[in-house]
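Engineer: Take this structure, written in structure tokens, and hold onto it; I'll ask about it next.
The values are calculated or read from the model by the stated rules, or taken from the named source; none is laboratory data. Model, not experiment: these values are computed from the prediction. Please note: Cβ atoms are built from the backbone with ideal geometry, for glycine as well, and neighbour counts cover all protein chains shown. The accessibility values were calculated without ligands, DNA or RNA, using every heavy atom of the protein model including side chains. Shrake-Rupley method; radii C 1.70, N 1.55, O 1.52, S 1.80 Å.
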Amino acid sequence: AMAHSKALLVLENFIGGKFIPCSSYIDSYNPSTGDVYCKVPDSGKEEVEAAVKAAKDAFPIWSSKSPLERSRILNKLADLIEHDLEAFAQAESKDQGKTITFARTVDIPRAVHNFRFFASSILHHVTECTEMPAMGCMHYTSRAPVGVAGLISPWNLPLYLLTWKIAPAIACGNTVVAKPSEMTSVTAWMMCKLLEKAGVPPGVVNVVFGTGAKAGEALVCHPDVPLISFTGSTLTAQRITEKSAPHCKRLSLELGGKNPAIIFDDADLSQCIPNTVRSSFANQGEICLCTSRIFVQRGIYNEFLKRFVAEAKKWKTGNPSDPTVNVGALISKEHLEKVRNYVKKAQAEGARVLCGEGVDPLALPSGNQKGYFMLPTVITEVKDESCCMQEEIFGPVTCVVAFDTEEEVIKRANGVKYGLAATVWSGNVGRVHRVAHRLQSGLVWTNCWLVRDLNLPFGGMKASGIGREGAKDSYEFFTEVKTITIKH
């Protein structure tokens, strides 16, 4: 057993520029094999305390650097991650279960781009000024970093979403204590190894590994952490809100979605179908922006369904390190069980499963028999009030239903507690604008999906979150504004 445990990867917390061993550890699984392959620190109050202290101590020097100096360091870090892109992609795929193709083309390039983007945007912000000649006064605003930022990131896009927080936080001159998901901590730990080489001073970026209940809670409750940026479930966000309320913390919460696609009878199906398959099943459906409710106008409903199912069946599920695979493993045994239960519930309610879970055989390579795999699954004849149409499933499952009128579909699309993203497919430009305006959704894509401009606000309405992130929005969140009046 000793020899076997030596082969396990053992992560350490990164505090004040040093790797610090932890007294106890959590097992992390390789989702594609079901084996433990990594030990993650089970940090708590003590480790968070040390990290916050290191971040606090580093703040005066880091915050007094010019934006240009910070920009150069962020760019250097981006170059170092890009140089190791393949190693990062392999690690992300093994740790998270996502396909190597997705990690190579989406996760790691986007992590690199996050640093470059904020390295650039930090150089272009301007503050406001107004004059009151009659009073002999002028007013102007100035923005300063807030202090220690607590950053809590999820397991679905581990490095991608962690860097989407770290980059703006440190670009603005804050120091950070980050807590990645305990299920996917490896790429964060790999990034820590590059910080010193990039010129990030000790204590500017601290990473504490562990669970939400222990490490996350300690971070959220710490009196010296004035802001928390969190991406994850609405349930956890409620707890964060309660725990941080006594300290009046500033919160940015990016939560779940139950995202509709609305497909009108004048949609270009040759574009719509492959894109909607992608928006339903990319990253095993484990993206907060994935489509899980597809509303199709009755005139094209049967044709759409036939072509959609045929396309979904072409997606190959299997070993994530195989470059021809489209669907990797789900994150954990528990999560797979949860997603499967949604399909069972739909069947119990009388819905029909057209392909995937329980309908088609899942053939896996011999080394992946114990992995957490599931085929892309399409459900139809499901009622709007069903849990499959109301709750976030976060797996490779999508529901397809028919609608008749524009008015009706807007009401039904808005009839959930979430409001993150929506897609509209139609060749009628007037209709596209009308529908986009009326959807209760932070993001609306028309005739495309997941085309992102990082300059623009990202975030949700209703139970999908509070706050927005983007060039201007992240800058406003991670800085404190002051109005200064000068009488002359």
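Engineer: So how do 234-247, 276-289 stack up, highest first, on mean other-Cβ count within 10 Å?
Structural biologist: Put in order of decreasing packing, that is 276-289, 234-247.
Engineer: I need the calculated FRET efficiency for the pair LYS383 and ILE466, taking r as the beta carbon distance and R₀ as 30 Å, to the nearest 0.05.
Structural biologist: 0.50
Engineer: Straight-line reach from LYS345: which aspartates and glutamates fall under 15 Å, measuring Cα to Cα and dropping same-chain residues less than 8 apart?
Structural biologist: Here the aspartates and glutamates satisfying the reach criterion relative to LYS345 are GLU337, GLU357, GLU381, ASP384, GLU385, GLU391, GLU392.
Engineer: Using the alpha-carbon atoms, what tilt in degrees (0 to 90, nearest 10) does helix 333-348 show relative to the longest principal axis of the chain?
Structural biologist: 40
Engineer: Right, next: What is the local net charge at MET138, summed over the other residues whose Cβ is closer than 13 Å to its Cβ (Lys, Arg +1; Asp, Glu -1)?
Structural biologist: With Lys, Arg at +1 and Asp, Glu at -1, the net is -1.
Engineer: Please work out how much length the chain gains when fully extended from ASP35 to ARG239, using 0.36 nm per residue of separation minus the C-alpha to C-alpha distance, in nm with one decimal.
Structural biologist: Taking 0.36 nm per residue and subtracting the Cα distance, the gain is 70.3 nm.
Engineer: Tell me, what is the FRET efficiency for GLU408 and THR324 to the nearest 0.05, using R0 = 51 angstrom and their Cβ-Cβ distance as r?
Structural biologist: The formula returns an efficiency of 0.80 here.
Engineer: For segment 259-446, what is the accessible area per residue in Å², given a 1.4 Å probe and the full set of protein chains?
Structural biologist: 40
Engineer: Zone of ASP79 (label point 7 Å along Cα→Cβ, backbone N under 18 Å): which residues in segment 179-199?
Structural biologist: 193-199
Engineer: As I understand it, the value is the acute angle between the Cα axis of helix 158-171 and the longest principal axis of the Cα atoms of the chain; what does it come to in degrees, rounded to 10?
Structural biologist: 30
Engineer: Can you tell me the length gained on complete extension of the stretch LYS306 to GLU196, counting 0.36 nm per residue apart and subtracting the Cα distance?
Structural biologist: Going from the current span to full extension adds 34.2 nm.
Engineer: Round to the nearest 10 and give me the degree value, 0 to 90, for the angle of helix 45-63's Cα axis relative to the longest principal axis of the chain.
Structural biologist: 60
Engineer: Share of Cα-Cα pairs in the chain beyond 45 Å, in percent?
Structural biologist: Tail fraction, whole percent: 14.
Engineer: Could you tally the net charge around GLU385, taking each other residue with its Cβ under 14 Å from the Cβ of GLU385, Lys/Arg +1 and Asp/Glu -1?
Structural biologist: Net charge around GLU385: +3.
Engineer: Let me ask something additional. Run the helix sum for the chain: -39,500 (n - 2.57) per DSSP H stretch of 4+ residues, divided by residue count, reported at 222 nm to the nearest 500 deg cm²/dmol.
Structural biologist: For the chain, the value works out to -11500 deg cm²/dmol.
Engineer: Mind giving me the nanometre distance, one decimal, between the label points for CYS137 and ARG431, set 7 Å out from Cα along Cα→Cβ?
Structural biologist: Distance between the two pseudo-spin positions: 5.5 nm.
Engineer: At a 10 angstrom cut-off on C-beta neighbours, averaged per residue, how do the peptides 472-485, 86-99, 357-370 rank from highest to lowest?
Structural biologist: For the peptides 472-485, 86-99, 357-370, the packing ranking is 86-99, 472-485, 357-370.
Engineer: Applying a 10 Å radius around every beta-carbon, put 217-224, 109-116, 126-133, 371-378 in order of their mean neighbour count, most first.
Structural biologist: Taking the mean over residues of other Cβ atoms within 10 Å, the ranking is 371-378, 109-116, 217-224, 126-133.
Engineer: How far apart, in nm, are the 7 Å Cα→Cβ label points at VAL359 and ILE20?
Structural biologist: Taking the simple label geometry, VAL359 and ILE20 are separated by 5.2 nm.
Engineer: Let's test the formula: R0 of 41 Å, r as the Cβ-Cβ distance of LEU269 and GLU86. What FRET efficiency results, to the nearest 0.05?
Structural biologist: After rounding, the FRET efficiency stands at 0.65.
Engineer: With charges set only on the Cβ (+1 for Lys and Arg, -1 for Asp and Glu), what does the dipole of the chain come to about its Cα centre, in debye to the nearest 20?
Structural biologist: 280
Engineer: Given H placed on each backbone N at 1.01 Å, which residues far from TYR25 in sequence or on other chains put an amide H within less than 5 Å of it?
Structural biologist: ASP42
Engineer: A further question on this structure: Using +1 at the Cβ of each Lys and Arg and -1 at the Cβ of each Asp and Glu in the chain, identify which of SER66, PHE117, PRO376 lies farthest towards the dipole's positive end.
Structural biologist: About the Cα centre, the residue reaching furthest to the positive side is SER66.
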